[in-house]
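Notes follow once the structure below has been shown.
The values are calculated or read from the model by the stated rules, or taken from the named source; none is laboratory data. Every value quoted in this text rests on a predicted model; they were computed, and no experiment measured them. When we count neighbours, we look across all protein chains shown, and the Cβ atoms used for this are built from the backbone with ideal geometry, even at glycine. Surface accessibility is based on the protein's heavy atoms, side chains included, excluding ligands, DNA and RNA. Shrake-Rupley method; radii C 1.70, N 1.55, O 1.52, S 1.80 Å.
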Amino acid sequence: MMTQQPELEKIEGQVAAVIYFNDDNGYTVLRLDVDDGSQAVVVGCIPMAAPGESLTAWGTWTRHAAHGEQFKAEHAERTMPTGASAIFSYLSSRVIKGVGPATAAAIVGKFGDDALNVLRDRPDLLAALPGISKKKAEDISAAFRRQTGMRALMEFLAGAGLAPVLALRLYRYHGEDALDMVRENPYILCSEQVGASFAEADALALANGVEVDDPQRVAAAILFELRHNGNNGHCFLPVDKLTAATAKLIEVEPEQVGEGLDILLDAGDVVTEPVGNVNACYLSSLYAAETYVAQRLRDMAQHTYEDTWVSAERVIEKLEAEQGIRFAPLQRRTLDAARKRQLLVITGGPGTGKTTTVRAVLALFDAMGLDTMLAAPTGQAAKRLASVTGRDASTIHRLLEANFSPETDSTVFGKDAGNPLKCDALVLDECSMIDISLMQAVLAAAGPGCRLVLVGDADQLPSVGPGCVFRDIIRSGVVETVRLTEIFRQNVESRIVINAHQINRGEVPDLRLNKDGFYFMRRRDPERAAELVVSLCQERLPKNMGIPSGQIQVLTPTRKGTAGTEELNRRLQQALNPPSTGKQEFTYGSRVFREGDRVMQIRNDYDIVWKTEDRINGYGVFNGDIGYISRIDPASQSLVIDYDGRMAEYAFEQASELDHAWAMTVHKSQGSEYRAVVMTTVSVPAPLMYRSILYTGVTRAVELLIVIGDDGVFCAMTENGRRNKRYSGLRIRMASDG
């Protein structure tokens, strides 16, 4: 029997106040001054509603157990406020950044009913008002256009059931043309910058009249498959696998996928080429990156310096005398290779002397009169590199002056072949994290004669982005590679180091041997494991071992579940940074951000401005940067995050780029080291039960590692040495004679 739907009622009036708004899904609670003189509470998806607007909503009356009678809006239409009084209510609500009650009164007092037209089109007239400079007038006008543009985008997407946060990203990357662009091609929603799923973009396209076999749809599906698999680490897909996956995704025949592929080939969006025994299909950008990297590395690997006058032995003798150490034969060989070769790889596990070797290479380059720069993929890795070498080090993105280009929807670098780095040698640490596109940028910015030393642990997890660059370089056999294997005497007593090497060999450590920095605490129930994590971070380690909670990092293989990062961060926030009087906070979706929270940037953002106490200004916060929320200002809807002395300001709407960071996945911890690590191995999903994940997590700890979990899971991860296959042609291209 079919259930009869209630007939929708209509309600009209002026928005008096917005009580609540959820940035993630647009859910809003507002108070409406109804045209008949009554007042109503309206709830529903009404993104960016503001006082003073005229609202017409269709829905049904309901009664909430706690809040009484409400009008549940199924859909709504709004118009901008008209009349001086309504415009003043709208502007004084701070809906426009830079405009509060006083400025609103001045604007409305001067321009009356025409105030919004002036805001949009005539910032020069605004600048004539007392206290409003030309720059402030332009900023207010831009903020108004942005607000109205985003609202139109949100309404359009909300009508299709899409999250308002997508509108924020669309507007950010495409500006005032965003609405026209998404109407013309809904598939821009599933671009990397916007982040909708293909299913969401496809549903919008089909609802707006795109045919199932439309070439635009087929081409978009192919590009989506290639991008999606790029995010999973693949540089290419075999054409047969790409065809089958695309046909299944959009339910068309393989022949139609072939026709779509031909269109993309003709347009230059993709490239097909045999790689080994497969016919590979690349996004054109990844093809260009891989072929460039392969050729440049081959050229550098063949370049040697036979007439170098500096003696590596003398440098070694000097360092041994100064530091009271004795270099191992492999370390001596490394310095000789660094003296003679343009390209060198140094790899090895924990405790094998990579840091000592790098310091020696730097001393050698100093003796040779070379100007050397140091960099690493993440801020934490760069900070550690600077600490252990006593020299300046930066992230690769900052070194290359990375920025975002709205014209190309991609990252661009200020340093490139036309404006190379001013150095004679470049040392890169944590190279297992570098993907094929970043390596292309590094090599383009390194001058023709620049020496390159690549340092890292090839047994750690590969890069998050496409490729398996560091491992492919080593496996090619083309590049001079020194693999440090000897565990030095000062590290032999560390169970963290010993157990890490055992795990890397596929040998399960004795988990009963709890001493010398490595402790295993069996908790097979996720709830008990989570409770123990909180207890260790809140009380036991700070009180019993003198390790502050700020120096403890919780790691897990997964985000989901009771012992995953999402739930652990919620519990750790409550334990380590609970709400208190005078401590500001705000809600973004299902998460609460509070002053004092430890947070992490989860995508590159080149527009965020930061400042230091020394009045040094800069731009850009990058994926993996970790800091603390130092200030939240509800009035300006903004927060300030302290990234090791760089104070970066965010608008509330940018909280989608942040995650809490008391707990993080092992993947996100790459390139960092922590005094103490608490790691969970309980309820790990099968796709994450790999040795490389366990090994990477274990090697993040310097002084103390506590593993909490299921010993069966720990053993299974240790024994599973398989690696997820990545489609990459770099090794084959480097080893090829062609």
For GLU527 and HIS67, FRET efficiency with R0 = 25 Å and r from the beta-carbon atoms, rounded to 0.05?
0.15
Checking the cross-link filter: which lysines have an alpha carbon closer than 18 Å to that of LYS10, excluding same-chain neighbours under 8 positions apart?
LYS72
Segment 313-380 and segment 250-283: distance between their alpha carbon centers, rounded to Å
46 Å
Checked segment 452-605 with the C-alpha gyration tensor, a ≥ b ≥ c its square-rooted eigenvalues, rounded below a/c of 1.5, otherwise prolate if a/b is larger than b/c and oblate if not; verdict oblate
Treating the chain as a set of equal point scatterers at the Cα positions, no solvent, please give the Debye-formula log₁₀ I(q)/I(0) at q = 0.05, 0.09, 0.10 Å⁻¹.
-0.30, -0.96, -1.16
If unit charges are put on Cβ atoms (+1 for Lys and Arg, -1 for Asp and Glu) and the dipole of the chain is taken about its Cα centre, the option from ALA127, PHE470, ILE602 lying farthest towards the positive end turns out to be PHE470
Per residue of segment 87-92, what does 6.51 cos²θ - 1.76 cosθ + 1.60 with θ = phi - 60° give for ³J(HN,Hα)? Whole Hz please, x for Gly and Pro, Karplus curve as stated.
5, 4, 4, 5, 6, 6
Using alpha carbon centers only, segment 210-241 is separated from segment 574-650 by a whole-angstrom value of 36 Å
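What's the carbon and sulfur percent of the chain's accessible surface, probe 1.4 angstrom, rounded to a whole number?
That fraction is 48 percent.
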Ignoring ligands, DNA and RNA, what accessible area per residue does segment 8-95 give at 1.4 Å, in Å²?
49 Å²
Loop-only trypsin sites (Lys or Arg not before Pro) in segment 288-335, please: DSSP not H, G, I, E or B, and at most 11 other Cβ atoms within 10 Å.
ARG326
Longest to shortest principal axis, alpha-carbon extents of segment 194-321, angstrom:
75, 29, 22
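Could you work out the local net charge near ALA199, counting Lys and Arg as +1, Asp and Glu as -1, over the other residues with Cβ closer than 14 Å to its Cβ?
Net local charge, ALA199 excluded: -2.
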How large is the charge dipole for the chain, taken about the Cα centre, if only the Cβ atoms of Lys, Arg (+1) and Asp, Glu (-1) carry charge, to the nearest 20 debye?
2980 debye
5 angstrom amide H check on GLY624, placed H, neighbours 5+ away
GLN601, ILE602, ARG603
Could you name the lysines whose alpha carbon sits less than 16 Å from that of LYS611, not counting residues in the same chain fewer than 8 places away?
none
Helix 495-504: angle to the longest alpha-carbon principal axis of the chain, degrees 0 to 90, nearest 10?
90 degrees
Of the options SER736, GLN551, PRO687, report the single residue whose Cα projects farthest towards the positive end of the charge dipole of the chain (beta-carbon charges: Lys, Arg +1; Asp, Glu -1).
GLN551
What do you get for the angle between helix 254-267 and the principal long axis of the chain? Use alpha-carbon atoms, 0 to 90 degrees, nearest ten.
80 degrees
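How high is the FRET efficiency between ASN232 and SER38 when r is their beta carbon distance and R₀ equals 45 Å, given to the nearest 0.05?
Details: r = 55 Å, r/R0 = 1.22.
Using R0 = 45 Å, I get an efficiency of 0.25.
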Karplus-derived HN-Hα couplings along segment 170-185 (A = 6.51, B = -1.76, C = 1.60, θ = phi - 60°), whole Hz, x at Gly and Pro:
4, 5, 5, 8, 10, x, 6, 8, 4, 5, 4, 5, 6, 5, 6, 9
What lysines sit close enough to LYS354 to cross-link, taking a C-alpha to C-alpha distance under 20 Å and skipping anything fewer than 8 places away on the same chain?
LYS318, LYS340, LYS383
Cα gyration tensor shape of segment 549-589, rounded if a/c is under 1.5, else prolate or oblate by comparing a/b with b/c:
oblate
Against the longest principal axis of the chain, how steep is helix 436-445, in degrees 0 to 90 to the nearest 10, with axes from Cα atoms?
70 degrees
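Quick one: which of 246-255, 700-709 comes out on top by average Cβ neighbours within 10 Å, and what's the full order, highest first?
Values: 246-255: 15.8, 700-709: 22.4.
By packing density, highest mean first, the sequence is 700-709, 246-255.
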Cα centroid distance between segment 101-133 and segment 668-724, in Å?
59 Å
Would you kindly work out the equivalent ellipsoid of segment 271-312 from its C-alpha gyration tensor and give its semi-axes, the square roots of five times the eigenvalues, largest first in whole Å?
35, 11, 6
